Structures are given as C-alpha cells and as structure tokens.
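Report on one structure; see the data block that follows.
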Amino acid sequence: MVVENPIVDLLVVGGGTAGIIGATTAAGFGARTLLVEQARTGGDCLWTGCVPSKTLLSAAEHAMTVHALTGQPPRFAAVRQRIFAAIRTIEPVDSPAALEAAGVQVITGTLTFRTPGVAEVDGTTIRFRQALIASGAAPVNPGIPGLAPRRLSPRTRSGNSMPFRRGWPLSEAARSPANSGKPSPASDRR
C-alpha cells in the first residue's frame, strides 16, 4: 500500500469518535490527515456504547408507554431491530468513504511507532509531523485497597434480559394520555 503523501501532517490512530472528530477537523483546516483503524470505524460509541444504549433507553420508555396503554409486554426482538436500525443510520457518517470525502485518508491495519515521526502500518512506512492517539481504553481495576470488583448476579451473567414488571414507574404521558403535553420525569433526564 502506498501512502499518497510522503509526510502526513496528522496521523490519527483509532477510528472511534475521538479519532474521527480529530481527523475530520484537521482535514477541514487543510492538514494532510491519515487515520489508521484496526477494525471498523465508528468505535465503541457506534457499535456497543452510546448509540445502542441510548436507543435501548428510548425503546424501554416506548415499551412502558405501549404496555400502559395496551397491556402488551415489550418485544425484545423489536427492541433489537430498533437498535440495529439506529446503528445502520449512523454508520455511513462514520464510514471510511465519508472520512475520505472529508479529506481524510483511511488505512485499515495495525500501527507501530518506530521512531519520532515514523510509524509502520502492516509493513508500510508512514512519516508524520504530529500524531493523535485515539485508540480507546479498557477498564482496569486501579488496585485501591477496599475496592472490590462488582459482582454480577447470575441473571446478568447468563445474559437473560431484565423481566418486565407491572408497577414500574411510568412517565406522566404513559399514565394519562390526556396529559401527553406535560414533560415526563424520564424526559428530564436526557
């Protein structure tokens, strides 16, 4: 693989939210920008974090409203489809094609820094002026005395979904359709 420019102004390591924003911002200012991602762009936010979790919260509120109005229990398959639809909607914005359209060159591979200003991606040498390392993180127990890892219940470990129970707190709109113009406590948390 040949890198178009022998020296890039900004080498971005990681194609998650921080890497994408950093790369597109730099490219927008005219910097020759190269983003290197090992797997797929979008990062945890798109695939497992922000987008799925916010969609799940929205779907849960919708399910509670439907249950209050019709008595129907939530359908987990429908919730999963809603999550996948949200990901499919946002994925093109975070795609390599969208990044390249914004002026960012994208390479998929494993990067190794060799010397100051020199990196290697799967055998290809990259020369750069500045680097932004946005490769994410993983949780670590900091080793603070008395801080024990949180234990998961057997239900959580087995992957079973939470049961839908009568009596969950419902938003004002769910309790009384006539008051649907009134903000619900759930909407205040957003």
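The values are calculated or read from the model by the stated rules, or taken from the named source; none is laboratory data. Because the structure is a prediction, the values reported are computed rather than measured. Methodologically, a virtual Cβ is constructed for each residue, glycine included, from the backbone with ideal geometry; neighbour enumeration extends over all protein chains shown.
For segment 1-116, which fully contained helices (runs of 4 or more DSSP H) count at least 2 residues that are closer than 29 Å to R127 by Cα?
Numbers: elements: 17-28, 43-47, 50-70, 76-90, 96-101.
The qualifying helices (runs of 4 or more DSSP H) are 17-28, 43-47, 96-101.
Restricting to segment 1-34, count the residues that are surrounded by 14 or more Cβ atoms within 10 Å (Cβ to Cβ) and either charged (D, E, K, R) or closer than 30 Å to R80 by Cβ (or both).
Summing the residues that are surrounded by 14 or more Cβ atoms within 10 Å (Cβ to Cβ) and either charged (D, E, K, R) or closer than 30 Å to R80 by Cβ (or both) in segment 1-34 gives 9.
Of the residues in segment 67-82, how many are modelled with pLDDT under 90 and among the aliphatic types (A, V, I, L, M)?
Qualifying residue count, segment 67-82: 3.
Within the set of pairs 6 or more residues apart or between chains, which connect a residue that is over 21 Å from T25 (Cβ atoms) and in contact (Cβ under 8 Å) with a residue 24 or more places away in the chain inside segment 117-132 to a residue that is assigned to a strand (DSSP E or B) and among the hydroxyl-bearing types (S, T, Y) with Cβ atoms less than 9 Å apart?
Within 9 Å, the pairs are V121/T108; V121/T112; D122/T108.
Here are A137, A85: which of them is at pLDDT below 90 and under 17 Å from W47 (Cβ atoms)?
Working: A85 fails: at pLDDT below 90.
Selected residue: A137, the only one of A137, A85 that is at pLDDT below 90 and under 17 Å from W47 (Cβ atoms).
If only one of T25, T48, T70, T33 is in the same structural domain as D9 (by TED's automatic domain parsing) and free of Cβ contacts under 8 Å to residues at least 12 places away in the same chain, which one is it?
Residue meeting the stated conditions: T25.
Would you pick out the residues in segment 102-117 that are surrounded by fewer than 16 Cβ atoms within 10 Å (Cβ to Cβ) and either among the polar types (S, T, N, Q) or under 12 Å from V13 (Cβ atoms) (or both)?
Of the residues in segment 102-117, the ones surrounded by fewer than 16 Cβ atoms within 10 Å (Cβ to Cβ) are 102, 109-110, 112-117.
Hits for segment 102-117 are G109, T110, T112, F113, T115.
What number of residues in segment 58-81 are within 30 Å of I21 (Cα to Cα) and surrounded by fewer than 16 Cβ atoms within 10 Å (Cβ to Cβ)?
Within segment 58-81, residues that are within 30 Å of I21 (Cα to Cα) and surrounded by fewer than 16 Cβ atoms within 10 Å (Cβ to Cβ) number 2.
Restricting attention to segment 20-44, which residues are in contact with a helix residue (DSSP H, G or I) (Cβ under 7 Å, 6 or more places away or on another chain) and among the small types (G, A, S)?
Correct list: A23, G42, G43.
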